[in-house]
Every structure is written in C-alpha cells, then in structure tokens.
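Some notes on the structure that comes next.
Derivation of every value follows stated rules applied to the coordinates shown; laboratory data play no part. These numbers were taken from a predicted model, which means no experiment stands behind them. Methodologically, a virtual Cβ is constructed for each residue, glycine included, from the backbone with ideal geometry; neighbour enumeration extends over all protein chains shown.
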Amino acid sequence: MKVILLGPPGAGKGTQAARIADKLQVTRAASGDLFRDNIRNCTELGKLAKSYMDRGVLVPDDVTIRLIMGWLDAPEQAKGFVLDGFPRTVGQAEALDKGLSDKGGIDLALYIDVPKAESVRRLAGRYICRNCQRPYHETVSPPAKQGVCDKCGGEVYQRDDDRPEVVGRRLEVFFEETKPVVDYYRGLGKLKEINGEGSIEDVGNALVAALE
Ligand code: AP5
Ligand code: MG
Ligand code: ZN
C-alpha cells in the first residue's frame, strides 16, 4: 500500500505517520525530517534547504523531487510506504505519479484537515526530538521526562520555523501551493478527508478506519 499524508502545518502528519506505517507494515519518510537531518549533518543540501525553511517557504521542486524519488528507489520501499509532507506542489505530485506509473501511482491520499487557529495553537506548543524527530506538545503530549525523547533519549527542542511569524507564512504557502494537491488527488478519486480536530487517539482511529 502506497499512502501519502496531506495537511496544513500542525495537522498531525508526523504524529500519526508512525501509527499508519505500523498498521500497514511499511516504511515511512517525511520530507521535512529528511531536510532537518541534512541541516543537522551540515550537508550542502541542508544548507540550501535551511535558507528556504527558515522563511517558511517551500524548497524548490527539483531538489525535493530528487530527494524523495531517491528514497523511493530503495528496495525497502517496494512493498509500500507512507509519505509525510510530500508531495506539496502539483509538480511534485505529477513527478511522483510518473515515478510510480508502472505501479499505478499511489493508492491513497489522506488529508488531515484542521482550521488555521488550531495549527497555530499546536505549533506554539510543539517540541520535537533532535535525534528521531518525534513530535511532542507541551500540554497535549509531553515527554515523560521534560526535555528528553521517550523513544530514543534524544534532546527535545523547538523548531526554528515554529516561531509565530514563520508559522503564518507556512500556512499561506499551504493554501497557495499544497491545497491544489488535495484537489489533484480528489480528481483522481484517491482522496480521503479526515477531521483532524479530535484527540490524537480519535484522529488516529479515523485514519486507520480510512485505510480499511
Ligand atoms: P514539515 O516538517 O513537513 O512541516 P509542516 O508540513 O509544516 O508540518 P508540521 O511538521 O509542522 O506538522 P505535522 O502535521 O507533522 O504536525 P505534528 O504531528 O508535528 O516541513 C517543514 C519545511 O520543510 C517546509 O516549510 C518546507 O520549507 C520544507 N519542506 C518539507 N517538505 C517539502 C516539500 N515536499 N517540498 C518543498 N519543501 C518542503 O503535530 C503538531 C503538534 O500538534 C505537536 O505538538 C503534536 O503533539 C500536536 N498534536 C498532533 N495531533 C494533535 C491532536 N489531535 N490534538 C492536539 N494536539 C495534537
Ligand atoms: Mg511534521
Ligand atoms: Zn527521539
């Protein structure tokens, strides 16, 4: 099963991706996580990506498509995958379709919808693990020990692009560039919409139900 997760910043894509991948027993990748790994490792790609991410705008399509299509080429992804944060432009969606054309494209696009005000509230309290990038929230889902990741013991920190002024820009970019991707998959009959406003548990259950 080949699944993509769509949704505005803070919708819960990263929170839910692991659960969906476990359920389907497939691998997963998040384009944002791959860029942040590159920033942490001081690669050329990381330097380039940071110059866009810090402003809340998208990394250019050619760079992003090369990164994700490279990941998809690995044999582990042959039995399916969950993608979080890609595709984010119609150009990326078309490239993904083209790359998967011999396999009939993706099977399902899950769109987690939350209102803007909820995105803003969630990102204001979000922290992620520097090592494994698992998301936490200071009140909704804090780590058991403050500042330390439950899963890997890594340091938990606030993302640079979660500053309020950058969040506003990321939301604008979502509506301008990524909302058309939602319509693109709706047109292909591959879209399922999930209300992302419930608890983490409720949204997870709704996503699992949509997969069945
Ligand atoms: P990326 O890292 O993908 O950021 P994003 O899409 O803005 O999404 P987020 O990670 O902010 O939100 P999420 O939906 O994962 O929410 P989470 O689960 O953490 O991209 C960052 C940047 O990288 C982009 O701006 C761009 O520059 C670049 N980039 C990435 N992909 C690209 C691409 N394809 N093309 C070009 N550029 C690209 O949850 C958020 C918070 O809410 C957490 O604190 C969580 O605990 C909490 N929470 C989750 N669910 C609930 C719930 N149900 N109730 C209450 N709280 C909840
Ligand atoms: Mg995320
Ligand atoms: Zn961790």
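The length gained by stretching the chain between residue 78 and residue 151 to full extension, at 0.36 nm per residue less their Cα-Cα distance, is 23.6 nm. Fully extending the segment from residue 25 to residue 193 would add 58.3 nm, taking 0.36 nm per residue of separation and subtracting the current Cα-Cα distance. When the square roots of the Cα gyration tensor eigenvalues are ordered a ≥ b ≥ c, the ratio a/c for region 1-42 is 1.5 or more and a/b does not exceed b/c, which makes its shape oblate. Counting only other residues whose beta carbon sits under 11 Å from that of residue 111, what net charge do I get with K and R as +1, D and E as -1? Summing Lys and Arg as +1 and Asp and Glu as -1 gives +2.
Separation of region 193-212 and region 45-75 by C-alpha centroid, Å? Taking the Cα centre of each part, region 193-212 and region 45-75 sit 28 Å apart. Rg over Rh for the chain works out to 0.93, both radii taken from alpha-carbon positions and Rh defined as the Kirkwood radius. Each Cα pair under 8 Å and six or more residues apart adds its sequence gap; the mean of these over the residue count of the chain is a relative contact order of 30 percent.
Along the axis of the charge dipole computed for the chain (Cβ charges of +1 for Lys and Arg, -1 for Asp and Glu, origin at the Cα centre), the listed residues 14, 173, 72 are led at the positive end by 14. With coordinates expressed along the principal axes, the C-alpha atoms belonging to region 49-119 extend over 39, 27, 21 Å, beginning with the largest. For the residue pairs 103/190; 47/79; 2/151; 116/192, the alpha carbons lie more than 24 Å apart in 47/79; 2/151.
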